[in-house]
Amino acid sequence: MPELPEVELLRRQLERILPGRVIADFECRKPKLCRLRGIEAAGPGELVSRMRDLLVGRRVESVDRRGKFLLWGLTGGLVLAVHLKLAGQIVVVGPDGRELARGGHWAPRPGVPLPHRATHITFRLDDGSVVYLTDIRQFARLTLMPAGEVGPFLREFGLGPDGLREPVDAERLEQVFRRRPKAPIKAVLLDQAVVAGLGNIYADEVLFATGIHPLRPAAGLTRPEVEALAAAIPEILSRAVAEGAGPVVGDRAARDNGLPEVHGREGEPCRRCGTPIRRLRVGGRSTYFCPTCQPLSP
DNA sequence: CATTATGTTCTGGA
DNA sequence: TTCCAGAACATAAT
């Protein structure tokens, strides 16, 4: 998905729109995107209608975030957890047809009329505005559950501390790293148990900022390197939020001066030393780094 | 046609 | 048994 910064930016938009609104209708054309948790199981054929019955008439009270999950607090003690995964997108259109919010990944691009053919879920609100969830790859997930289930639900994903709201503890990082003797640090940073919210782009950014080669075994990092990582993670994530995050948004000038500094810049000169940025594959993901600033041996 | 894509989970082999 | 790389998920853009 969208990584933490983009989810946070979307959360801030939704927080100005959704709270106070009542869900007037809910439609879903792809039942597999929907889940119920801690609520009496319905047959697969009844899942969407059950979910609709539970959602319609409820007021949104809050829009929270944990890692890459958006958490909509609803009246009656229910919470809707939304995960956009790789390609999910939320667009809110006001009663007058004007766009009020947009966040998530690519298709459909701005200007493409909604609902798009990949718009699988639609919420109609009591003031006439509409929330569209579009996902060209159908990986996004909506889970409706009682508020008491949120803790266990997130625990099942092994979510670690949120990369933005809690300081990252170097001590704990070191412990987690020691349990992965051979895994490259880049792969370990993608594990949401380490820091919830880091994804492929910002894992690269954090390693560049700290001068650590992505293939270094996590367990082999020195204490000062782990401390540098712990400091860099919240710093980079909050900077990304401040800059408006994401290579998809942002104009050319922002891209030249702001984040991302290495990700997606193969062949471009490193901003610090001028060496061409290189790309390799780690854990199946494209990984960008500066071979000079991020040496393989410390 | 081949490659790539901001995420997560499962499988199978070492 | 633990750990890790790769495949799978489903589709579009380049």
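What follows is calculated from the coordinates using simple rules that are stated; it is not laboratory data. Because the structure is a prediction, the values reported are computed rather than measured. Cβ coordinates were reconstructed from backbone atoms using ideal geometry, including for glycine residues, and neighbour counts include every protein chain displayed.
Brief remarks on what is shown
- R0 of 41 Å, Cβ-Cβ distance residue A:46-residue A:257: FRET efficiency to nearest 0.05: 0.20
- With the helix formula -39500 (n - 2.57) applied to DSSP H stretches of n ≥ 4, chain A reaches a computed 222 nm mean residue ellipticity of -8000 deg cm²/dmol.
- Under the shape rule built on the C-alpha gyration tensor, where the axes satisfy a ≥ b ≥ c, segment A:1-117 is rounded, since a/c falls short of 1.5.
- Span from the segment A:17-64 Cα centroid across to the segment A:76-106 one, whole angstrom: 14 Å
- Cross-link partners of residue A:182 among lysines, defined as those whose alpha carbon lies under 29 angstrom from its own and excluding same-chain residues fewer than eight positions apart: A:68, A:85.
- Compactness of segment A:83-205, expressed as Rg and Dmax over alpha-carbon positions, Å: 18.2, 57
- Local electrostatic count at residue A:135 - Lys and Arg +1, Asp and Glu -1, tallied over other residues with Cβ under 9 Å: +3
- Note on residue A:114 and residue A:296: their simple-model spin labels are 4.7 nm apart, each label 7 Å out from Cα toward Cβ.
- For chain A, a simple Cβ point-charge model (Lys and Arg +1, Asp and Glu -1, everything else neutral) yields a dipole of about 840 debye relative to the Cα centre.
- The Stokes-Einstein estimate for segment A:170-289, based on a Kirkwood radius over Cα pairs and taken at 4 °C with 1.567 mPa s viscosity, is a diffusion coefficient of 89 µm²/s.
- Cα gyration tensor shape of segment A:25-78, rounded if a/c is under 1.5, else prolate or oblate by comparing a/b with b/c: prolate
- Axial C-alpha extent at least 27 Å, average Kyte-Doolittle at least 0.0 - helices from chain A (DSSP): A:223-243
- Relative packing of peptides A:152-161, A:17-26 - highest average C-beta neighbours within 10 Å first: A:17-26, A:152-161
- Each of residue A:166 and residue A:99 was given a label point 7 Å from its Cα along the Cα-to-Cβ line. The distance between the two points is 3.5 nm.
- Cα gyration tensor category, rounded, prolate or oblate, for chain A with a/c compared to 1.5: prolate
- Pairwise FRET efficiency - residue A:242 versus residue A:127, Cβ, R0 = 22 Å, nearest 0.05: 0.10
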